[in-house]
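Here is the structure we will look at, set down as structure tokens.
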Amino acid sequence: MNSKKNKIGILGGSFDPAHRGHLAISKEAVKKFKIKKIIWAITKKNPFKKKTNLNLSTRIKYCKRIIKKTKFIEVKFLETKVKSNKTINLINFFSKNKKNEIYFLMGADNLINFHKWHKWKEISQKCIIIVFDRYGYKKKSLNSKTYKSLNKDKLKFINFNKVNISSSQLRKI
């Protein structure tokens with residue numbers, strides 16, 4: 001019997017809008033961790049943000065346009081299937097298949113407040129969290145409650161040739 005794990009990366013977010021930084025960290029995760037597939041799990045609304053600027057279908061279209069030449073990324077809206085917008089429920093959804101090994105990708109800016117996420121400790125027990133350095137966030141994220149309290153086997157901080165762009169910056173253009 002083949003007990004080889006299915007390495008799946010999940011990059012969750014509002015992707016408002018998607019940009020080359022999302023693509024760059026996805027490619028880096030595949031290269032560094034030999035992940036076979038990355039799922040861009042689009043949320044209708046980020047619980048930490050007041051609103052989204054673009055509607056869901058426009059954000060999905062933008063994501064698909066950015067990844068069109070990338071075979072290993074799938075864009076999915078799973079909140080209706082998972083019946084939740086909580087990361088832990090998304091991780092549990094993919095963990096049902098015992099052959100899946102889950103890698104959760106995030107930017108260093110998200111690590112700073114990760115301890116405020118719903119069941120954040122449980123998330124770290126069910127997957128490997130890969131944190132990509134973002135310009136201006138390294139020191140704060142490495143001093144965060146999450147970074148200091150999680151097992152480094154479950155949390156990988158990646159020094160990264162940063163793509164100096166964010167969705168917030170793009171919205172200002």
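Looking for something surrounded by fewer than 20 Cβ atoms within 10 Å (Cβ to Cβ) and under 14 Å from the mean Cα position of the chain (by Cα) - is there at least one such residue anywhere in region 48-66? Within region 48-66 (the criterion being surrounded by fewer than 20 Cβ atoms within 10 Å (Cβ to Cβ) and under 14 Å from the mean Cα position of the chain (by Cα)), the answer is no, since none of the residues qualifies. Each residue in region 29-42 was checked for being in contact with a strand residue (DSSP E or B) (Cβ under 8 Å, 6 or more places away or on another chain) and either at pLDDT below 95 or loosely packed, with under 15 Cβ neighbours inside 10 Å (or both), and 3 pass.
Which numbered condition in (1) surrounded by fewer than 18 Cβ atoms within 10 Å (Cβ to Cβ); (2) in contact (Cβ under 8 Å) with a residue 24 or more places away in the chain is the only one that Lys98 fails? Evaluating Lys98 over (1) surrounded by fewer than 18 Cβ atoms within 10 Å (Cβ to Cβ); (2) in contact (Cβ under 8 Å) with a residue 24 or more places away in the chain leaves (2) as the failure. Tell me which residues, restricted to region 1-19, are closer than 22 Å to Lys51 by Cα and of a type in the set (D, E, K, R). Answer for region 1-19, where residues must be closer than 22 Å to Lys51 by Cα and of a type in the set (D, E, K, R): just Asp16.
Checked against (1) surrounded by fewer than 21 Cβ atoms within 10 Å (Cβ to Cβ); (2) of a type in the set (S, T, N, Q); (3) within 18 Å of Asn85 (Cα to Cα), Asn6 passes all but condition (3). Of the residues making up region 14-28, those that are closer than 13 Å to Leu105 by Cα and either buried (at least 20 other Cβ atoms within 10 Å of the Cβ) or in contact with a Lys or Arg (Cβ under 6 Å, 6 or more places away or on another chain) (or both) are Gly21, His22, Leu23, Ile25, Ser26. Might you check whether a residue that is charged (D, E, K, R), closer than 19 Å to Ala108 by Cα and at pLDDT 95 or above occurs anywhere in region 45-59? No, the conditions are met nowhere in region 45-59.
The values are calculated or read from the model by the stated rules, or taken from the named source; none is laboratory data. From a predicted model like this one, the values you see are computed outputs, not experimental measurements. Because the Cβ atoms are built from the backbone with ideal geometry, glycine has one as well, and the counts that use them run over all protein chains shown.
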